[in-house]
1. Being assigned to a helix (DSSP H, G or I), at pLDDT 85 or above and buried (at least 16 other Cβ atoms within 10 Å of the Cβ) is the requirement here; does residue 40 meet it?
2. Could you list, in sequence order, all residues of the range 87-102 that are within 37 Å of the chain's Cα centre (by Cα), surrounded by 15 or more Cβ atoms within 10 Å (Cβ to Cβ) and assigned to a helix (DSSP H, G or I)?
3. For the range 103-145, give me each residue that is crowded, with 19+ Cβ neighbours inside 10 Å and without any contact (Cβ under 8 Å) to a residue 60 or more places away in the chain.
4. Among the residues of the range 251-268, is there at least one that is touching a residue at least 40 places away in the same chain (Cβ under 8 Å), in a helix (DSSP H, G or I) and either under 27 Å from the mean Cα position of the chain (by Cα) or at positive phi (or both)?
5. Looking only at the range 147-167, which residues are assigned to a helix (DSSP H, G or I) and at pLDDT 70 or above?
6. Applying the selection to the range 52-72, what residues are surrounded by fewer than 17 Cβ atoms within 10 Å (Cβ to Cβ) and assigned to a helix (DSSP H, G or I)?
7. If we keep just the residues of the range 179-190 that are within 19 Å of residue 329 (Cα to Cα) and surrounded by 15 or more Cβ atoms within 10 Å (Cβ to Cβ), which is modelled with the lowest pLDDT?
8. Among (1) over 16 Å from the mean Cα position of the chain (by Cα); (2) modelled with pLDDT of 90 or more, which single condition is residue 81 missing?
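The values are calculated or read from the model by the stated rules, or taken from the named source; none is laboratory data. These figures come from a predicted structure and were not determined experimentally. All Cβ positions, even for glycine, are placed from backbone atoms using ideal geometry, and neighbour counts span all protein chains on display.
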């Protein structure tokens, strides 16, 4: 046992709990991603009229078949497997027919819902439902990479380890992990610097402190716009659920009052805020219920700039996990002798197998 066994035991517990947390987060992000894509596809399919495409009818038929077939199967679960299977097939056939016969029922309603979510809701700031799924994919990739690193399941090239002596393999593996950690930690600033310049508008020649300050300031503004958009969404949802157009309730005069009462000038300055207010001649005109960035730029995908910080943060975590794993191995808290992915075959089977006894 290493001399500092208390520290090793504590570090092992921290590593195990962090691994469990990442496993839960991976499962949660994966469920959210599947849900986001499924909801987007379902809403897209049910909002398509038969005159524009046959895909909408195909979705309705498929959805009806799955829904009614599953419901009948659950209702007949106490019957014999044969009867239950036949009943489920019959239910699926009836569901497909009902879905096909529904035609354009609800197309206008769900089209309004889809257009609101895609074009004038907080999801717009994330790039729409499809954008949400894309961003969750990045989160899942970084979580999976960290989880693989912490459990020793990361990609490893062990060709060199097969040609060095067994006593040198452990130091070689530890050197590789420490080097990987150094590369990850060095890339943290590289990714952040790129995001600060490209997404937050920091000058390329600004020092590190200024770039961090600009990123924090712009991130705070984005969160402010998110809160304002959520406030608009709660009011818009009432009209959308009733079937009214999502962009048919907010007029220019009300938009101006909403801006004046929202402490926008403290975040963006008086001149920038005045640029997004409407003139008196447009007080009766309709305004879409979507926040406008006073400092310029588009609202769509605005929050993805902040979400992309997952790359430097993820690399930071991966680098730390490489270091923690190397430390645990060096302290004897993790035994890697039997892990082929780390060392490769340490010896040929014939080296230790006893000679077969001669018969007779």
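1. Yes, satisfied.
2. The answer is 88, 91, 92, 95, 96, 98, 99, 100.
3. 118, 123
4. No, the range 251-268 has no match at all.
5. Passing the criteria: 147, 148, 149, 150, 167.
6. Selection gives 55, 58, 62, 66, 67, 70, 71.
7. 180
8. (2)
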